[in-house]
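Peer 1: Just passing along the structure, written as structure tokens.
The values are calculated or read from the model by the stated rules, or taken from the named source; none is laboratory data. It should be emphasised that the depicted structure is a prediction, and the values quoted were computed from it without experimental measurement. For neighbour counting, all protein chains shown are included, and Cβ atoms are generated from backbone atoms with ideal geometry for every residue, glycine included. Areas reflect the complete protein model, heavy atoms only, side chains present, ligands, DNA and RNA absent. Shrake-Rupley method; radii C 1.70, N 1.55, O 1.52, S 1.80 Å.
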Amino acid sequence: MPADPGRDGSVARPEELLAELTAVGSAAVAGRRTHVGFPVATDIDYSPLAPLFGSLLNNIGDPWTDPDGANHTKRYEREVLDWFGDLFRAPAGDRWGYLTSGGTEGNLYGLYLARARLPEALVYHSADAHYSLPKCVDILGLDFGGGPVSRWRWPPGGPRCGWTRASTASPSPATSSSAPRCRAGWC
């Protein structure tokens, strides 16, 4: 199906759309044997969830507060959050967060929270970071700290001192006072 349905070759009738969707489904099934890993892993059987796809489920808001309606899955969201809380040894009475639809939403929300807490901070990321980071930085109007960073290290003094940008031209990390550092005041 073309990216712009208003152009020539668009699917105009329901039976054409059904045929197109059938072809997409067939191609997806044919490629299953070779789709390995993110984002096209096919080794998860979602068929037990199929009955839920016909319902509107809305987990809006705080995962620990159930809405008035019954059309939510917050119980399972809390289970996942508690599992990760246990994994990272977060205190049981001091956990928060929510499940996202994927990496882009997670990065956007994480940077949103960072901006709220550290509005003057610069954003640095590796050239190998998730593709959404530059987009999220732009959406939130954050300051980007410069070109790609190939390697990171904690500076002397421990993790509460912020990141030091590593030189991409040298095998050893930058240690000079000119290396970018966190400007948020807790470094």
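Peer 1: Could you work out how much longer the chain between Asp45 and Leu17 gets when fully extended? Use 0.36 nm per residue separation minus the Cα distance between them, nm to one decimal. All intermediate terms of the calculation are to be shown ahead of the outcome.
Peer 2: Details: separation 28, 0.36 × 28 = 10.08 nm, distance 2.56 nm.
That works out to 7.5 nm of additional length.
Peer 1: Want the number for Phe144 to Asp68: 0.36 nm per residue separation, take away the alpha-carbon distance, what's left? Numbers along the way, then the final one.
Peer 2: On the way: separation 76, 0.36 × 76 = 27.36 nm, distance 4.17 nm.
Contour length minus the Cα-Cα distance gives 23.2 nm.
Peer 1: Let me ask another. How many nm separate the modelled label positions at Trp83 and Arg95, each set 7 Å beyond the Cα in the direction of the Cβ?
Peer 2: If labels sit at Trp83 and Arg95, their model points lie 1.1 nm apart.
Peer 1: Please work out the Cα center distance from the stretch 52-100 to the stretch 119-134, rounded to the nearest Å.
Peer 2: 27
Peer 1: What figure, in Å² to the nearest 10, do you get for the accessible area of His130 with a 1.4 Å probe and non-protein molecules left out?
Peer 2: Roll a 1.4 Å probe over it and His130 shows about 60 Å².
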